[in-house]
1. Would you mind pulling out the separation of the Cα centroids of segment 5-53 and segment 96-143, in Å?
2. Using only the Cα atoms of segment 1-119, construct the convex hull and provide its projected area averaged over every direction, in square nanometres to one decimal.
3. How big is the convex hull of the Cα atoms of segment 74-148, per residue, in Å³?
4. Projected area of segment 131-187, taken from the Cα convex hull and averaged over every viewing direction, in nm²?
5. Given the C-alpha atoms of segment 110-160, compute the convex hull and give its volume per residue in Å³.
6. With Kirkwood's inverse mean 1/r over C-alpha pairs for Rh, give me the Rg to Rh ratio of the chain, two decimals please.
7. For Lys10, give me every one of the aspartates and glutamates with a C-alpha distance below 12 angstrom, ignoring sequence neighbours fewer than eight places off in its own chain.
8. Can you find, among Pro210, Thr88, Gly125, the residue sitting farthest towards the positive end of the charge dipole of the chain, where Lys and Arg contribute +1 and Asp and Glu -1 at Cβ?
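Any read-out appearing in this document is the output of simple, stated calculations on the displayed coordinates, not a laboratory observation. Quantities reported herein were computed from a predicted structural model and do not represent experimental measurements. Note: ideal-geometry Cβ built from the backbone for every residue, glycine included; neighbour counts use all protein chains shown.
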Amino acid sequence: MPAVQNPPEKMMFQLTLRRRGISDQAVLRAMEGIPRDLFVDPADRADAWRDSALGIACGQTISQPFVVAYMTEQLQLQKHHRVLEIGTGSGYQAAILSRLCGHVLSIERYRTLADSARVRLEKLGCDNVEVLLGDGFDIPASAGNFDRIIVTAAMEEVPEALTQRLEPGGILIAPVGPHQGTQTLIRLTRTEAGLERKALVDVRFVPALPGIAREL
Ligand code: SAH
């Protein structure tokens, strides 16, 4: 019997993303190709293809697929781009990025999450992703600058130390706003005239907290 390539829930997943306005074919293909069920808690596998955020270890969340696709689309990725992600979590967003750019450095403050994301990404052959245990508010200078920066945890403000790491023409996307409640996705573009700021949509993310987590 032939393998089922597109079970109904996966077809619904694509349909939902398209209906909500995701139109970049490369992004849709990446979303189709990365098995989200491998990034959620085993107990949540049945819900992996639904368009909702789910709890993962360390009290954190894997984002809603629409938000992952939307943020990815807004980054306008090219194959040669070096991308920084702050907030590896499950590694799902990093896996999507890895299909669309040259290199991803993803930083996570929980060792447990960083370690398990690294294992998943390795199994999927995402060998252009490097997962680092660290603090996204304190990126080592040796990491250099980036063509794109994606922050997947809520920041009250985007620190200047972060925007300074954007290459000319670079784009940064981050949920900005209070830690409790709703934030707005902000897109910053480094132009010759300075930073261009655009508010996109309202979102809800877990907070970005300083320092490496003391608990695992
Ligand atoms: N992108 C993830 C979801 C991120 S949830 C995915 O695809 O699954 C937000 C993550 O950001 C959490 O794992 C949290 O621990 C991490 N985080 C919060 N503050 C951080 C910081 N200062 N540096 C690095 N990671 C941080």
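1. First find each Cα centre; the distance between them is then 21 Å.
2. Working: hull surface 31.5 nm².
Result: a mean projected hull area of 7.9 nm².
3. Numbers: hull volume 6.1 nm³, N = 75.
Normalising the Cα hull of segment 74-148 by residue number yields 81 Å³.
4. Values: hull surface 16.6 nm².
Hull-based average projected area comes out at 4.1 nm².
5. Values: hull volume 5.6 nm³, N = 51.
So the per-residue hull volume is 109 Å³.
6. Details: Rg = 16.4 Å, Rh = 17.4 Å.
Computed over Cα atoms, the ratio is 0.94.
7. Within the straight-line cut-off, Lys10 pairs with Glu32, Asp37, Asp47, Asp51.
8. Sorting the options by dipole projection puts first Gly125.
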